[in-house]
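Asker: What follows is a single structure, and I will ask about it in a moment.
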Amino acid sequence: MSGFNPLNSPLIASSSLSLKEAYCLEKLSLKKGFKIHYKMTKDSLSLLEKSDLCVLFGGFSNACLNENERLILENINQLKLPYALLRPLQDTRDLQENCLFASYEINTEAAVLALILRDILEKTSQLKGHVLEKVDVGYLSSEANMSEEELQELIALIIKAKKRVLVLNREITKHADSAFLYTLLSELQNYLEILHIPCNNSNATPTFYDSKDQEWLLETALKEGILPFESQLKSKDLEFLERISEANGSFVYVSYKSLETPKLSFSKQFKIANKIEHSKAGFQVSNKTLECELEESPHLKGLIAILEGAFFDAYPYIPILSHSQGIS
């Protein structure tokens, strides 16, 4: 034992820890209220350096990068690595020559992972007899709003690469259905190495989680009623995939960036849909009313705004429920 205590806050863990460990830590953090920050260790950076494709699942908005995201992008650029970026937020500032960008609908991460896994299985002649052979591909594609062309381009990159890394952000770790996502990931890890990178720097003295404490961690999780996720998909999981539905309305993407006054950046479409006519207004986000400075950005598209200066340790896309008339 290295003195790990799940009640300590915050907790630092290696980005390259196992899926089981990350899942248990995230569930315990939700239950006990401590924060987790993933650190890019030598092992994590070595995985990047040895890979010839990086798939970034969620995050990586250049408008508000955290420490880990910045470090990974620096390494990708230094190594001239091709990479893919999958996320709902559409921002033209994040489109690079060596980047395949594919957007999907908020809350449809399970559909995206299932489509990726199914296509990999199909291209490697392993789909016959697998649970995903019977999944309704058209329905999943429609709900995720991910074009067949984008998906096939991504799969072609994955199949062509010899060593691939899948980088997970809050879109996965903080998802309400994370147990099912981790089941999909446990099958995907046969084809891609996996890193966890959510990171919110804190001045508090951290406790370090060491993988030597894995057995103790799994036992603690069980005592707290946290059941392990399934390591393989089962027939009953098709029902879950058939119930996936996209989220509707306007959302904010919650960034890690600290500001004295919260700031909301948005597209012209978001401005029209939310009848924004002022430079400041109050918005209701996750049961909190925030007085925000408002800024239209030519780089953003769709009904997702970027929220800076008000952090919620949760799934990063949160509905905006209302706003006051504001002041010019």
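The values are calculated or read from the model by the stated rules, or taken from the named source; none is laboratory data. Computed from a predicted structure; not experimentally measured. Counting neighbours? That spans all protein chains shown, and the Cβs are built from the backbone with ideal geometry, glycine included. Remember, those area values only see protein heavy atoms, side chains included, never the ligands or the DNA or RNA. Shrake-Rupley method; radii C 1.70, N 1.55, O 1.52, S 1.80 Å.
Asker: Can you spot a residue in segment 302-320 that is part of a strand (DSSP E or B), farther than 25 Å from Ser29 by Cα and at pLDDT below 95?
Answerer: yes
Asker: Taking the options Ile155, Ile159, name whichever one is over 19 Å from Gly59 (Cβ atoms), open to solvent by 50 Å² or more (accessible area, probe 1.4 Å) and without any contact (Cβ under 8 Å) to a residue 60 or more places away in the chain.
Answerer: Ile159
Asker: Considering only segment 245-275, state which residues are among the aliphatic types (A, V, I, L, M) and touching a Phe, Trp or Tyr at 6+ places or on another chain (Cβ under 8 Å).
Answerer: The answer is Ala247, Val252, Val254, Leu264.
Asker: Would you please name the residue that is surrounded by the most Cβ atoms within 10 Å (Cβ to Cβ), looking only at residues in segment 264-286 that are more than 25 Å from the chain's Cα centre (by Cα) and among the small types (Gly, Ala, Ser)?
Answerer: Ala281
Asker: A further question follows. Just checking, does segment 131-149 include any residue being part of a loop (DSSP other than H, G, I, E, B), among the β-branched types (Val, Ile, Thr) and surrounded by 13 or more Cβ atoms within 10 Å (Cβ to Cβ)?
Answerer: Looking through segment 131-149, at least one residue is part of a loop (DSSP other than H, G, I, E, B), among the β-branched types (Val, Ile, Thr) and surrounded by 13 or more Cβ atoms within 10 Å (Cβ to Cβ).
Asker: Take the residues in segment 14-26 that are surrounded by 19 or more Cβ atoms within 10 Å (Cβ to Cβ) and of a type in the set (D, E, K, R), then tell me which one is nearest to Gly225 (Cα to Cα).
Answerer: Glu26
Asker: If you check Ser250 against the conditions, is it touching a Ser or Thr at 6+ places or on another chain (Cβ under 6 Å), within 22 Å of His175 (Cβ to Cβ) and at pLDDT 90 or above?
Answerer: Taking the combined requirement at face value, the residue does not satisfy it.
Asker: If you don't mind, another one. For Ser235, are the conditions met, namely being under 24 Å from the mean Cα position of the chain (by Cα), assigned to a loop (DSSP other than H, G, I, E, B) and over 22 Å from Leu321 (Cα atoms)?
Answerer: Considered against the rule, which asks whether it is under 24 Å from the mean Cα position of the chain (by Cα), assigned to a loop (DSSP other than H, G, I, E, B) and over 22 Å from Leu321 (Cα atoms), Ser235 comes out as no.
Asker: Separate question: Out of Cys64, Cys54, I need the residue that is hydrophobic (A, V, I, L, M, F, W, C) and modelled with pLDDT under 95. Which one?
Answerer: Cys64
Asker: Among strands (runs of 3 or more DSSP E) lying entirely in segment 1-105, which contain 1 or more residues that are small (Gly, Ala, Ser) and either farther than 30 Å from Ala156 by Cβ or in contact with a His (Cβ under 7 Å, 6 or more places away or on another chain) (or both)?
Answerer: Ranges flagged: 11-14.
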